[in-house]
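The values are calculated or read from the model by the stated rules, or taken from the named source; none is laboratory data. Quick caveat, the model's predicted, so the values are computed rather than measured. Glycine also receives a Cβ, built like all others from the backbone with ideal geometry; neighbour counts cover every protein chain displayed.
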């Protein structure tokens, strides 16, 4: 089941979430997302596998704003990473490495490879 | 004070100005930054999965080098590792916390690095700003200023990795002041920005969605400008790239947008300490020289 898998990979207790929405309120990327961070958690709790095809986990840039504001100390960035990992571990890359501009700062390139390739 | 120092990949390429300025500024304050021998890339971003040990090896291997420097007599009982790049700082500190709080994980990492000495958990990862605040002190910095940056209105941009997650951050994640205090001690005027810790879009700058970053850059820069800022300082080479180089794209997306210089905090320090050429302003995308000339801050007293 999706919920068990996410809990195992992330190490987070998703039932701690009471849907207050502070994560979504503080997220700087919501304008680019198809599901709000709190909706992602709800979908996982419902074992709704459609969340695996959402854009949201890939838009999350791991800025941790949600995590520092969560009143229940749920580390949402870890949950987004778990969703990405479920895809990446099945050998599906999110970007084409050949198209990366090599003049960019190394940290940008390394980070992209780390987060978008399996 | 002799401190081991981890540069990270980007400071050797896109952010040479950050490092060059830091080394002279540190020297001016009596700190010798000694580059770690045989350092390697830290991984740039932390792995957040609970079952991933492999991606922490690179970070821990760098911490072993600090132990070795002490064993080899290069350092005298100095286990504080100084990092300039905010992203590297975050990764190194986070892996250190994980490995030292989880004996099982540390054991796995040590067994894997079987040709290296074991990591003993003795290293403390410090951002250079922490050393400035806690060991040098802002009053001492003020007394070392040769050319006070009078009349220059500067806004601090913290981004994510200096502040979050809480256990890694060097200041209050919601209301940080450490860089404002530095700006003040250099004689410039700190200006607040409501978006000073809003993510710039980080690695999204790579790939097809650069506009995401340009839009965030606009919000951050305009937030500073509304409060009167003339320049922004940062401690992250990726934030710097996104705020500085991406202004070319921001300009296209927002007609009427005016460019603003983005500096590393160490460049501001080098300038105030009288090391104008080492401040290496030629490495910045948006040229800060016209602003600094207008303020009478170029061609001041120079240190030999």
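One residue alone among B:226, B:246, B:219 is surrounded by fewer than 22 Cβ atoms within 10 Å (Cβ to Cβ), more than 23 Å from residue B:23 (Cβ to Cβ) and in contact (Cβ under 8 Å) with a residue 24 or more places away in the chain, and that residue is B:219.
Condition first: closer than 28 Å to residue A:63 by Cα, within 14 Å of another protein chain (Cβ to nearest Cβ) and either touching a residue at least 12 places away in the same chain (Cβ under 8 Å) or assigned to a loop (DSSP other than H, G, I, E, B) (or both). Can you find one or more residues in the range B:256-270 that meet it?
Within the range B:256-270, one or more residues are closer than 28 Å to residue A:63 by Cα, within 14 Å of another protein chain (Cβ to nearest Cβ) and either touching a residue at least 12 places away in the same chain (Cβ under 8 Å) or assigned to a loop (DSSP other than H, G, I, E, B) (or both).
Only a single item in (1) facing chain B (nearest Cβ under 9 Å); (2) over 14 Å from the mean Cα position of the chain (by Cα); (3) on the phi > 0 side of the Ramachandran plot is not met by residue A:19, and it is number (1). The residues of the range A:79-109 that are buried (at least 23 other Cβ atoms within 10 Å of the Cβ) and under 23 Å from residue B:85 (Cβ atoms), listed by number, are A:81, A:105, A:107, A:108. Looking only at the range A:9-24, residues that are part of a helix (DSSP H, G or I) and in contact with a helix residue (DSSP H, G or I) (Cβ under 8 Å, 6 or more places away or on another chain) come to 7 in all.
Is it true that some residue in the range B:39-49 is in contact with a strand residue (DSSP E or B) (Cβ under 9 Å, 6 or more places away or on another chain) and under 28 Å from residue B:267 (Cβ atoms)? Yes - at least one qualifying residue is present in the range B:39-49.
In the range A:43-59 there is at least one residue that is within 10 Å of chain B (Cβ to nearest Cβ) and in contact (Cβ under 8 Å) with a residue 12 or more places away in the chain.
For the structure I just gave you, tell me whether residue B:270 is crowded, with 23+ Cβ neighbours inside 10 Å and modelled with pLDDT of 95 or more.
For residue B:270, the condition - crowded, with 23+ Cβ neighbours inside 10 Å and modelled with pLDDT of 95 or more - is met.
Can you tell which of B:207, B:228 is at the interface with chain A (Cβ under 8 Å from one of its Cβ atoms) and in a loop (DSSP other than H, G, I, E, B)? That would be B:207, the only listed residue that is at the interface with chain A (Cβ under 8 Å from one of its Cβ atoms) and in a loop (DSSP other than H, G, I, E, B). Looking for something in contact with a helix residue (DSSP H, G or I) (Cβ under 8 Å, 6 or more places away or on another chain), within 11 Å of another protein chain (Cβ to nearest Cβ) and modelled with pLDDT of 95 or more - is there at least one such residue anywhere in the range B:175-194? No, the range B:175-194 has no match at all.
Let's see how each residue does on (1) under 30 Å from residue B:297 (Cα atoms); (2) crowded, with 24+ Cβ neighbours inside 10 Å; (3) at pLDDT below 95:
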residue	(1), (2), (3)
B:72	no, no, no
B:79	no, no, no
B:90	no, yes, no
B:94	no, no, no
B:106	no, no, no
B:114	no, no, yes
B:124	no, no, no
B:131	yes, no, no
B:153	yes, no, no
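Within the range A:61-75, how many residues are surrounded by 16 or more Cβ atoms within 10 Å (Cβ to Cβ) and at the interface with chain B (Cβ under 10 Å from one of its Cβ atoms)? Final tally of qualifying residues: 10.
Restricting attention to the range A:102-118, the residues that are more than 7 Å from chain B (Cβ to nearest Cβ) and touching a helix residue (DSSP H, G or I) at 6+ places or on another chain (Cβ under 9 Å) total 5.
Name the residue that is farthest from the other protein chains (Cβ to nearest Cβ), counting only residues in the range A:83-98 that are modelled with pLDDT under 90 and in a helix (DSSP H, G or I). Result: A:98.
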